[in-house]
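Comments concern the structure below.
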Amino acid sequence: MKCPFCGYTESKVIDTRPTDEGEKIRRRRECLRCEKRFTSYEIIETTPLMVIKRDGSREVFSRDKLLNGMIKSCEKRPVPFSVLEDAVTDILATLQNGMEREVPSTLIGELCMEKLKGIDQVAYVRFASVYRQFKDINSFLEELKNILEHEGEG
């Protein structure tokens, strides 16, 4: 942090506290050269996550869109809303921790299916049938066979 008075780049933090909204951190600093005090603010960098769709177009990631897709898959199933919210939070954390600002929709779909597989198998099959766009009953049956095979392993 550069001192606004002398330009020196070394300072020490005297006091740290959150702002009223909790969106920023206020830091009181003292320059190690001229010993003058100044205030700095620290905020979280919010770079939007972009989704690369199957057709190559891009759109801003929507938490609500992902959650709504999972809700539809779990319709009339005994899955608490909080479980779906937690799953979406985990998926978003995985995407943000990946450090990529642009992610393919296929990755999001795969992460979603992986979460749903552990939550409710019927919801998983519903989501997979839309996401994977099964061409016929045989490809759908193949997916069901994979589920049954993996169930025996776990």
Fill in the blank from the handout: Counting only residues in segment 1-28 that are outside any strand (DSSP E or B) and acidic (Asp, Glu), the one most open to solvent (accessible area, probe 1.4 Å) is identified as Asp20
Handout entry: Qualifying residue in segment 93-101 (condition: surrounded by 15 or more Cβ atoms within 10 Å (Cβ to Cβ) and touching a residue at least 24 places away in the same chain (Cβ under 8 Å))
Key = yes
Problem - Residues of segment 47-104 classified as assigned to a loop (DSSP other than H, G, I, E, B), among the hydroxyl-bearing types (Ser, Thr, Tyr) and under 20 Å from Asp120 (Cβ atoms), total - result: 0
Handout entry: Selection status of Lys24, over 29 Å from Ile147 (Cα atoms), among the basic types (Lys, Arg) and modelled with pLDDT under 95
Key = yes
Completion exercise
Checked segment 29-47 for anything free of Cβ contacts under 8 Å to residues at least 24 places away in the same chain and open to solvent by 70 Å² or more (accessible area, probe 1.4 Å); matches are Glu35, Arg37, Tyr41, Glu42, Ile43, Ile44, Glu45, Thr46
Fill in the blank from the handout: Counted residues in segment 100-138 being at pLDDT below 85 and polar (S, T, N, Q) come to 3
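The values are calculated or read from the model by the stated rules, or taken from the named source; none is laboratory data. None of these values were measured; they are calculated from a predicted model. Ideal geometry is used to build each Cβ from the backbone, glycine not excepted, and the neighbour counts take in all protein chains shown. We work out accessible area using only protein heavy atoms, side chains counted, and drop any ligands, DNA or RNA first. Shrake-Rupley method; radii C 1.70, N 1.55, O 1.52, S 1.80 Å.
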